[in-house]
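Asks: Here it is, the structure, as C-alpha cells.
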Amino acid sequence: MTKDLQQYAARRAFLKGTMAAAAVPAAAALIGGALPGTAVAADSTDLPEFAPVPRGALGPKLNADGYFVGRIKGNLYWVTDSYYQSMFLSTRDGIVLVDAPPSIGHNLLRAIDDVTRANGRPGKVTHQVYSHSHADHIAASAILGKDVVRIGHTETRRLLLLDADPNRPAPTVTFDDRYTLHVGGERLELAYHGPNHTYDNIFIHAPGQETLMVVDVFYPGWVPFTGLAVSQDVRGWVDAHGVAMRYPWKTLVGGHVGRLGVRSDAELQQQYMTDLDASTRAAYDSLDPTPFFDRYGPSGNAWAIFKTYLDAIARQAALPVTAKYTGVLAGADVYTTDNAFAMLESLRADYGVLGPSGIHS
C-alpha cells in the first residue's frame, strides 16, 4: 500500500471510530434515552456498488505526501488532494492563495514551498482570497497565521463573523460587486454575480493566465455533487453556468475532485443540466399523483403523500439521464436522482412549474 493510501486508510479508520463513538450517545441524550435499533457502522462489504469512474474524470497522481501541485500558466499554480482544489499566484512580493481546504491543510504550504524553492520567489502567503464562506474550502486559513491580508465578499465577512470560527478568520478587505487585486506584478479580478451555490460565492478570474476559478458550480468530469451542489439558490446556481461561460477562460478551477477543467467540460455539464431539467419537467407532468393520495390521504399523512410522490418523480426523471451519462460523467449513477429531486423542488418553488399542484379550481 502506498503512503498516501495508508494515510487515507488511517484517517478513515480514525474518523469511523470517533464518529461512531461520539454520535450515538449525543443523539441519545437529545431524546432522553437510547435509540432502539441503533445500527453499528456498516461493513464495507455491505456498501453498494457503483459504475466505474471514467479515466478521463481522474486527476494527476498524488505524491507521497498526498497532494499534487502543478503549473496552470505563468506564475499561477494549483494544488489538489483529488477531492479538493486550491490555486495560488507566485509573485515577486509573495504568494496570493485562493481558498485553503482543510483536507489539503499543511500540504498547501508544502506545495508552495515546492514551487518557490524552484523559482526563487518568496514563499510567504501575503494575501488570501476566499471564494465563499464554507468551511470545507477555507478552514485551513488559520495555518497561514494572522499576518495575511484576507479578501472576500461583504457577505462572506458577515457570515464568518457570525460563525466566529478561529479556523476561518473573517476577511478584512471586502467588496460588493468587483475588486481587482494587484500583487507583485500579478492580477486577479474578483466579481460577485449574485447568489448561486451560496449567497456569497464569487468568481475569481486570472486574465493573464486565462483561468477562471468558480467553486461548487462546475465539476469537471463529474456530475454535480448531491442536490445540485447543495446550492442555497438553485436558480442562481444554474444561471452561474452561463455567467462563467461569458468569461474568456481556457482553464477552470472548480474547487473539487482531481483535475482542472476546460471549456468542453463546462459545456458537457450544461448539457447534463439541460437534460435533467427536461426530464424532470416531463416526469412531473406525466406521473399521476392519485395513487399516492389514495394510499396515504385517508390517514391524513400529508408528508407521506409528498415524500413518496416527489421521490417517485425524481427517480423517474433520473433514469434516462443516468443512462445517458454513465460512463461519460463520473457519479452519474450516484447523484442524478438527488440532483433530479433538487431540480424538481426548484422548478416548483423558483420557476413556478406547478404541474398537478396548479391553482385549485
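The values are calculated or read from the model by the stated rules, or taken from the named source; none is laboratory data. In this text, all values refer to a predicted model and were calculated from it rather than measured experimentally. Glycine also receives a Cβ, built like all others from the backbone with ideal geometry; neighbour counts cover every protein chain displayed. The protein model used for the area step is the full one, side chains on, heavy atoms only, and it has no ligands, DNA or RNA in it. Shrake-Rupley method; radii C 1.70, N 1.55, O 1.52, S 1.80 Å.
Asks: Tell me, what is the percent relative contact order of the chain, built from C-alpha pairs under 8 Å that lie six or more residues apart? Provide the component values of the computation, followed by the final result.
Replies: Working: 631 pairs, mean separation 51.7, N = 361.
Worked out over the chain, it gives 14 percent.
Asks: For a test of the definition: using alpha carbon positions, the gyration tensor, and the 1.5 limit on a/c, classify segment 87-183 as rounded, prolate or oblate. Before the final figure, lay out the partial values.
Replies: Working: a/c = 2.35, a/b = 1.45, b/c = 1.62.
Oblate, because a/c is 1.5 or more while a/b does not exceed b/c.
Asks: Please report the projected area of segment 213-361's Cα convex hull averaged over all directions, in nm².
Replies: Details: hull surface 38.3 nm².
Spelled out: convex hull of the Cα atoms, projected over all directions, averaged, 9.6 nm².
Asks: Indicate, rounded to the nearest 5 percent, the antiparallel portion of the DSSP beta bridges found entirely in the chain. Provide the component values of the computation, followed by the final result.
Replies: Numbers: 29 of 43 bridges.
Here the share of antiparallel DSSP bridges comes out near 65 percent.
Asks: Further question: Which listed residue (Met273, Pro220, Leu252) has the Cα farthest towards the positive end of the charge dipole for segment 215-279, taking +1 on Lys and Arg C-beta and -1 on Asp and Glu C-beta about the Cα centre?
Replies: Going by the Cα projections, it comes out as Leu252.
Asks: Can you work out ³J(HN,Hα) from phi for every residue in segment 285-290, in order, using Karplus 6.51 cos²θ - 1.76 cosθ + 1.60 and θ = phi - 60°, giving whole Hz and x for Gly and Pro?
Replies: 5, 9, 7, 6, x, 4
Asks: Applying a 10 Å radius around every beta-carbon, put 322-333, 299-310 in order of their mean neighbour count, most first. List each step's numbers first, then the result.
Replies: On the way: 322-333: 20.0, 299-310: 13.8.
Top to bottom by mean Cβ count within 10 Å: 322-333, 299-310.
Asks: Out of all DSSP beta bridges in segment 82-160, what portion is antiparallel? Express it as a percent rounded to 5. Let's see the in-between values first.
Replies: Values: 5 of 12 bridges.
For segment 82-160, the DSSP antiparallel bridge percentage is about 40.
Asks: In the chain, carbon and sulfur make up what percent of the accessible area (probe 1.4 Å)?
Replies: Working: 10130 of 17630 Å².
C and S atoms contribute 57 percent here.
Asks: Quick one: what are the phi-derived ³J(HN,Hα) couplings along segment 230-245, Karplus 6.51/-1.76/1.60 with θ = phi - 60°, whole Hz, x for glycine and proline?
Replies: Each residue's phi maps through the Karplus curve to give 6, 6, 6, 9, 5, 4, x, 5, 4, 5, 4, 4, x, 4, 4, 6 Hz.
Asks: Provide the per-residue ³J(HN,Hα) series for segment 135-152, in order, calculated from phi with Karplus coefficients 6.51, -1.76, 1.60 and θ = phi - 60°, each as a whole number of Hz, with x at glycine and proline positions.
Replies: 4, 5, 10, 9, 6, 9, 4, 4, 5, 7, x, 8, 8, 9, 7, 9, 10, x
Asks: Take a quick pass over the chain and tell me how many lysine pairs come in under 22 angstrom between Cα atoms, counting only ones 8 or more apart or on separate chains. The partial results should precede the final answer.
Replies: Numbers: Lys3/Lys16; Lys3/Lys61; Lys61/Lys73; Lys73/Lys124; Lys73/Lys250; Lys124/Lys146.
Value for the chain: 6.
Asks: Okay, moving on. Can you quote the Å³ per residue value for the convex hull of the Cα atoms in segment 141-188, rounded to an integer?
Replies: Details: hull volume 3.4 nm³, N = 48.
So the per-residue Cα hull volume is 71 Å³.
Asks: Can you give me the long-range amide H partners of Ile72? Hydrogens built in the peptide plane at 1.01 Å from N, cutoff under 5 Å, separation of 5 or more residues or another chain.
Replies: Those lying under 5 Å, H to H, from Ile72 are Tyr77, Trp78.
Asks: Whole number in Å², please: accessible area per residue of the chain, 1.4 Å probe, ligands, DNA and RNA not counted. Don't skip to the answer; put the middle values down first.
Replies: Values: 17630 Å² over 361 residues.
Each residue of the chain exposes 49 Å² on average to a 1.4 Å probe.
Asks: Kindly identify segment 232-284 as rounded, prolate or oblate by the Cα gyration tensor criterion: order the square roots of the eigenvalues as a ≥ b ≥ c, call it rounded if a/c is under 1.5, otherwise compare a/b with b/c, prolate if a/b is larger, else oblate.
Replies: Values: a/c = 2.02, a/b = 1.85, b/c = 1.10.
Prolate, since a/c reaches 1.5 and a/b exceeds b/c.
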